[in-house]
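The values are calculated or read from the model by the stated rules, or taken from the named source; none is laboratory data. What you see is a predicted model, and the numbers here were worked out from it, not measured in a lab. In this analysis, Cβ positions are derived from the backbone assuming ideal geometry, glycine residues included, and neighbour counts consider all displayed protein chains. Quick note on the areas: whole protein, heavy atoms, side chains included, nothing else; ligands and nucleic acids left out. Shrake-Rupley method; radii C 1.70, N 1.55, O 1.52, S 1.80 Å.
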Amino acid sequence: MPYCISLVSNKDLILSVITSLFNNETCLRRQCSELLSFSINLIYDQWFCCSELSHQPTQEKRFKIFLCGLCLCVTVYMYQIVLFSDKPKPMETTKIDSFDRASELKAFDETKTGVKGLVDAGISQIPRIFHHSSLNLATPKPLSSDLLHLTTIPTIDLGGRVFEDAIKRKHAIEGVKDAAEKWGFFQVINHGVSLDLLEKMKDGVRGFHEQSPEVKKQFYGRDFTREFLYSSNFDLYSSPAANWRDTFSCNIAPDPPKPQNLPEICRDVMLEYSQQVINLGEFLFELLSEALGLNPNHLNDIDCSKGLLMLSHYYPPCPEPELTLGTSPHSDNSFLTVLLTDQIEGLQVHREGYWFDVPPVPGALVINIGDFLQLITNDKFISLEHRVLANRATRARVSVACFFSTGVRPNPRMYGPIKELVSEEDPPKYRETTIKDYSTYFNAKGLDGTSALLHFKI
C-alpha cells in the first residue's frame, strides 16, 4: 500500500466494519480482512519509513499509528465475533447445520430410550442437540442491594387443611395472596398428603424410568392425547435445544385413565397420589379465591380444578451440565401446578431479572401459579418463568408435576379476565380463549423462553 494513502479515504471502510458490529452483516468477514490489511500496511509505512529516515514521527504520523493500532484491536474483536458467535453464518452452513440437527433429533427419538439411554451407553460428551445457547447458561448475576432481602420462595403452613380458627385461616390466605402476587410460587407444608405417599410416588417414578428399556419402549411415542405416554422432550422437534430429561405423562382428570393402560410398576401409587393432589388443589383454589376477594368456591365453580395432567420427570446425571439444562425457562400452561421433588436441587425461579434457587424442603410440595390463573385474574396473580438446571449429582433427580388443566382435550368453556376483577381503571388485559386453544399454541411454541400469554394480550 503506497505511503500517500490517507485515513480519510478509508473512513467508509472503518465505518462499515463498526456498523457491522451492531447489524451483524454477512460481509463482516471480508471487511475485517480489508481493515486488517489496511492497518498493517499503514503501520509499516508510518513507522518503518520514519525509522529509515532516522527521525522521530511527526504528531500527525503518531496519530495515524495510534488509529491504526485501534483498527487492529477492533479487527481482532470482529474476528472473535465471526469465529465464535452462536448465530448462523453463511446460508450454506445454516442449511447443513439444520439438516444435521434434524437427523440427530430423529436418530435420538428412534432409540426410544431417551436421555437415560445415552447415560447407560456411557457417553462422556452430550450430543449437539442438547447444547443450549451460552446466553441461557450464563452465570447468574449477583443480587442488587435493594433485593438482598429476597432469598427464595416463601413456605406456607396449611395446618393439615383444618384451621383451628378464623385467624389462622386468614393468616394462610394472606401468605398465599402475597406469594401469588409477588412470586407466583410458594411451598406448602402440613398439606394433608402423607409423607409416606410422597416417598412411594417418587419411588414409582424412579422405578419406571430405571426398568428395562424393552419394557419402557412399549409406552414411548409422541401422541400426547394418549392416557399414558413415555417420551423425552415433548417439544423435541420445535425447541432451540433439547433438555436433559425424560418424562412419562398421564391424563388423570376429568376422565380417569383405565388402570390396565398404566404401567404396573407405578399404577397404584399414581392413582392414589393423583387423587390426593386433586383434593389439595380444590383446597388451594378456595384459598386463592378468598385471596382475590371472591367467594371461596369461585375458582372451583368455574372448573379450575376440573382437569389434571401428571408429568413425572427423570433427570439423569449429566456429564457436561454446563452445556445444557434439565428444563428450559418457561411458565406453566395451567391454572395451578403442584410439584413434588426429591432432595436434589435444580429448580430456579426468575424474578426481577434474577434466578433464585428453590431449595428442597423435606415433606413440602411446591405450588406455582399457571398462565391461565394469571389470565383470568387479569395479572393480579403472576405466572413466573422457571427452569431446572442439568443434574450435577451422581444420582438421577426425579419430580412429579401435576397441572390443573384439561390441556388439549375438548373443553368448550371460554376463559377471560374475571368480571369482578376488572374495572374502568383496570380493564381486561387478555382476550378470551379456550384451554385447548391456549394449550395447542403453547405446545407448538415449545419451551423457547417466551410466555404464551403474550399471544393472548389485548
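Some points to look at:
- Members of region 222-237 found to be open to solvent by less than 60 Å² (accessible area, probe 1.4 Å) and at negative phi, listed by number: 227, 228, 229, 230, 231, 232, 235, 236
- The residue list 442, 381 contains one member that is open to solvent by less than 30 Å² (accessible area, probe 1.4 Å), in contact (Cβ under 8 Å) with a residue 60 or more places away in the chain, assigned to a loop (DSSP other than H, G, I, E, B) and not β-branched (Val, Ile, Thr), which is 381.
- Any hit, region 142-152, residues being in contact with a Lys or Arg (Cβ under 9 Å, 6 or more places away or on another chain), open to solvent by 10 Å² or more (accessible area, probe 1.4 Å) and more than 26 Å from residue 446 (Cβ to Cβ): yes
- One residue stands out in region 183-196 among those that are touching a residue at least 12 places away in the same chain (Cβ under 8 Å) and more than 16 Å from residue 283 (Cβ to Cβ): the one that is most open to solvent (accessible area, probe 1.4 Å), namely 195.
- Residue 398 meets each of the listed conditions (1) among the aliphatic types (A, V, I, L, M); (2) more than 30 Å from residue 158 (Cα to Cα); (3) in contact with a Phe, Trp or Tyr (Cβ under 8 Å, 6 or more places away or on another chain) apart from (2).
- Strands (runs of 3 or more DSSP E) wholly inside region 271-364 that include at least 1 residues being aromatic (Phe, Trp, Tyr), out of contact with any helix residue (DSSP H, G or I) (no Cβ under 8 Å at 6 or more places or on another chain) and surrounded by fewer than 20 Cβ atoms within 10 Å (Cβ to Cβ): 354-357
- For residue 272, the requirement of being of a type outside the set (Val, Ile, Thr), farther than 28 Å from residue 229 by Cα, in contact with a Leu (Cβ under 8 Å, 6 or more places away or on another chain) and touching a residue at least 24 places away in the same chain (Cβ under 8 Å) is not met.
- Taken over region 238-261, residues that are under 19 Å from residue 215 (Cα atoms) and surrounded by 14 or more Cβ atoms within 10 Å (Cβ to Cβ) amount to 6.
- Scanning region 423-431 for residues that are part of a loop (DSSP other than H, G, I, E, B), of a type in the set (Gly, Ala, Ser) and within 25 Å of the chain's Cα centre (by Cα) turns up nothing.
- Region 322-352, residues that are within 20 Å of residue 134 (Cα to Cα) and polar (S, T, N, Q): 324, 327, 328, 348
- Residues that are within 18 Å of residue 405 (Cβ to Cβ) and not in a loop (DSSP other than H, G, I, E, B) within region 253-270 comprise 253, 270, listed in sequence order.
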